[in-house]
Amino acid sequence: MRTEGGAGTVFAIALAAALLVWPAVWNGYPLVFADTGTYLSQAIEHYAGWDRPVFYSFFMLPLHLTLTTWPVIAVQALLLAHVLHLTRRMLLPRAPAWWLVPMAAGLTVATSLPWFVAQLMPDVFTGALVLVLCLLALGTEALSHRETVWLALLATFMIAAHQSHVLLAPALLLALRVIQPSVALRAIAPLVLAILALVSVNLAAFGRASPSPFGNVFLLARVIYDGPGADVLHRDCPAAGWRLCAFADRLPETWDDFLWRQDGPVVQAGGAKVVSQEADAIILAALRAEPEQELAAFLRNAGRQLAMFATGDGLHPWPETVTPRIERDFPGFEARAYAASRQSSGELLVPPWLRALHAATALAGVAGCLAMLPAACRRQHPVGGFAVAALVALVVNAGVAGGLSGPHDRYQSRIMWLPPLIAVLGAVALRPVAAPAFGR
């Protein structure tokens, strides 16, 4: 086991973290998304939203203290920088700590990572979760006891903070078990603890012992807009007595409108908690009637999601879902800073050349991970496990986000920085002349 410490390592992590928040500095305020309002308000106003776990809300509360949200992204950046530091240390054990700084600089320019680090959303933890589970599963000799405990707690939080992570984590653990049959309990424990935490909170808040008590509403929207669900509504309504029967002939154009619009079916039918009560019956009827069509639609949507990862999706103003929460729960100076930001003014756009660079870097990273696998497997180098995990994460994330919810660029963009990172670290780690050069 080899650990690093001292002022040099702390300075490198702090400098890397500072680099990762540049989009927020340029914007004049941390970036927000439609769900940011819910995540801010749950802990402040003491309620549990039906569509988002509460854990990211409680992560933010002691950091912003209803004063300013800047500490939230500062801590997110420090967490990511530390995970990157541990990843570098495991894969390039002879490289000095300062290597983290050019690594972070490259990621801030050439990938989508800083656009999620600087955002008040738990999406920043999707890619980080992949690295942390790899560290726990493959880093038996590379981590101290304190680091192991810390990473296990961090992984538990990251899984519980986002519903998609509950499905991503077991897929990653299965893939890592193929590579490392003796995957340690420390890698599995965070998933178990996170599920227990989610079930406990949802049982207390909603009386449902489920990690996602109303997740079937998202699946219902997907099944309806894939076709089989809409066919069931037309076939079985009005005899079935479902609340959604009233909307069978006037469904909105998109599944997002179905779920979120105030004049949409879910809201008008009584809200997601009410619709959830009949969602399972509609979903099962659709799957029984047209299983092949639904499977084909799932694969088609997942495939579309794999190809959709443009940086900057969702960075327009959110006057209805975020602005009222900022104005109500934060001081005037914070509300004014938020209102003056580029995003609130509709001026926050990722330049086309930067989006093109991110796309090229991501695709090169995927190709690099695939190319290094044979050599990594022959040498039984842990970078092979990281590469497999990154590639599996891309596919599973596309299936969970695009196949079960609906394709959006931001869903895949949040994880496309992983392959370039692993490809670069692997290229250095696997070259025969690399080892003597480190630290010289």
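The values are calculated or read from the model by the stated rules, or taken from the named source; none is laboratory data. As the structure is a prediction and not an experimental result, all values here were calculated from the model. A quick note on method: Cβ atoms are made from the backbone with ideal geometry, for glycine too, and the neighbour counts reach across all protein chains shown.
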Those residues of the stretch 235-248 that are of a type in the set (Lys, Arg) and more than 33 Å from the chain's Cα centre (by Cα) come to a total of 1
For the stretch 49-72, indicate whether the set of residues that are of a type outside the set (Phe, Trp, Tyr), more than 17 Å from the chain's Cα centre (by Cα) and at pLDDT below 95 is non-empty. yes
Screening Ala279, Ala272, Ala296 for residues that are without any contact (Cβ under 8 Å) to a residue 40 or more places away in the chain and either more than 23 Å from the chain's Cα centre (by Cα) or surrounded by 15 or more Cβ atoms within 10 Å (Cβ to Cβ) (or both) leaves only Ala296
Screening Val199, Val217, Val232 for residues that are over 25 Å from the mean Cα position of the chain (by Cα) and hydrophobic (A, V, I, L, M, F, W, C) leaves only Val232
Filtering the stretch 282-293 for residues that are surrounded by 18 or more Cβ atoms within 10 Å (Cβ to Cβ) and either free of Cβ contacts under 8 Å to residues at least 24 places away in the same chain or part of a helix (DSSP H, G or I) (or both) leaves a count of 4
Filtering the stretch 233-248 down to residues that are touching a residue at least 12 places away in the same chain (Cβ under 8 Å) and in a loop (DSSP other than H, G, I, E, B) yields Ala240, Trp242, Ala248
Every listed condition ((1) among the charged types (D, E, K, R); (2) in contact with a Phe, Trp or Tyr (Cβ under 9 Å, 6 or more places away or on another chain); (3) part of a helix (DSSP H, G or I)) holds for Arg208 save (3)
Among the residues of the stretch 120-167, the number that are among the acidic types (Asp, Glu) and farther than 22 Å from Leu391 by Cα is 2
| In this structure, does Arg186 turn out to be among the charged types (D, E, K, R) and without any contact (Cβ under 8 Å) to a residue 12 or more places away in the chain? | no
Quick one: is Ala285 among the aliphatic types (A, V, I, L, M) and more than 22 Å from Phe258 (Cα to Cα)?
no
Those residues of the stretch 317-349 which are exposed (fewer than 15 other Cβ atoms within 10 Å of the Cβ) and within 29 Å of Gly399 (Cα to Cα) amount to Leu349
Note on the stretch 1-23: residues touching a Phe, Trp or Tyr at 6+ places or on another chain (Cβ under 8 Å) and modelled with pLDDT of 90 or more are Ala12, Pro23
Checklist entry - Does Ala423 satisfy being modelled with pLDDT of 95 or more and surrounded by fewer than 18 Cβ atoms within 10 Å (Cβ to Cβ)? => result no
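Here is a yes/no grid of residues against (1) farther than 22 Å from Gly403 by Cβ; (2) of a type in the set (Val, Ile, Thr); (3) at pLDDT 95 or above:
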site: Gly241; (1), (2), (3): yes, no, no
site: Leu251; (1), (2), (3): no, no, no
site: Arg261; (1), (2), (3): yes, no, no
site: Leu284; (1), (2), (3): no, no, yes
site: Ala296; (1), (2), (3): no, no, yes
- Message: Within the stretch 137-154, does at least one residue satisfy the condition of being under 21 Å from Arg410 (Cα atoms), outside any helix (DSSP H, G or I) and in the same structural domain as Arg52 (by TED's automatic domain parsing)?
- Response: no
All conditions in (1) among the acidic types (Asp, Glu); (2) part of a helix (DSSP H, G or I); (3) closer than 30 Å to Ala356 by Cα are true of Glu253 except (2)
From the option list Arg355, Arg342, Arg378, single residue qualifying as basic (Lys, Arg) and free of Cβ contacts under 8 Å to residues at least 24 places away in the same chain is Arg378
Margin query: Going residue by residue through the stretch 306-324, is there one that turns out to be assigned to a helix (DSSP H, G or I) and of a type in the set (D, E, K, R)?
Written below: no
Answer with yes or no whether Thr148 is at pLDDT 95 or above, of a type in the set (Ser, Thr, Tyr) and out of contact with any strand residue (DSSP E or B) (no Cβ under 9 Å at 6 or more places or on another chain).
-> no
